[in-house]
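Down below is the structure, laid out as structure tokens.
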Amino acid sequence: MYGDNNQDEVFLGYSIGRQQTVSEATAQKIDAEVRRLVEAGLAEATKIITEKRQDLEILAKGLLEYETLTGEEIVELLKGHPPVRDTGSDEPPLRGSPVPTTAVTRPKPGPEPGGLEPQPQA
């Protein structure tokens, strides 16, 4: 609760021998207001995400494809137009992830055939 000065947290945020600087009634009012603010924020965030779900999906797909987007590119993407990027060449931009999907493994070099590896000398 608000106003606790004891630094020795024991279990789930409760303290042993805590010293309060505000009355129990004031602490309850503060806790109730904090709870109200958090619950109102959660309700507002849930409402926005629910109403803008389609835009969220479009933006997520755009970020997966392009990794970074400018504000202008986001606006165009939400209008239904893919971002136009200057690649510095006349070729169309490559589509897909620039990160390879499989790793290339190389065999580790082994000892020379037919012999032993040299041993360090003391």
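The values are calculated or read from the model by the stated rules, or taken from the named source; none is laboratory data. All figures in this text were calculated on a predicted structure; none of them were measured in a lab. Methodologically, a virtual Cβ is constructed for each residue, glycine included, from the backbone with ideal geometry; neighbour enumeration extends over all protein chains shown.
Numbers for the structure displayed
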{"read-out": "When residues of region 12-39 are limited to those that are in a loop (DSSP other than H, G, I, E, B) and not hydroxyl-bearing (Ser, Thr, Tyr), the one modelled with the highest pLDDT", "value": "VAL22"}
{"read-out": "VAL104 being surrounded by fewer than 10 Cβ atoms within 10 Å (Cβ to Cβ), under 21 Å from the mean Cα position of the chain (by Cα), outside any strand (DSSP E or B) and at pLDDT below 90", "value": "no"}
{"read-out": "Close pairs (7 angstrom Cβ cut-off, 6 or more residues apart or separate chains): under 17 Å from GLY62 (Cα atoms) in region 74-97, part of a loop (DSSP other than H, G, I, E, B) and modelled with pLDDT of 65 or more anywhere", "value": "GLU76/PRO83; LEU77/LEU69; LEU77/PRO83; PRO83/LEU69; PRO93/ARG85; PRO93/THR87"}
{"read-out": "Filter result for PRO83 (within 30 Å of THR46 (Cα to Cα) and at pLDDT below 90)", "value": "yes"}
{"read-out": "Pair list, Cβ < 9 Å and 6+ apart or interchain, from region 52-65 residues that are under 11 Å from LEU78 (Cβ atoms) to residues that are hydroxyl-bearing (Ser, Thr, Tyr) and surrounded by 13 or more Cβ atoms within 10 Å (Cβ to Cβ)", "value": "none"}
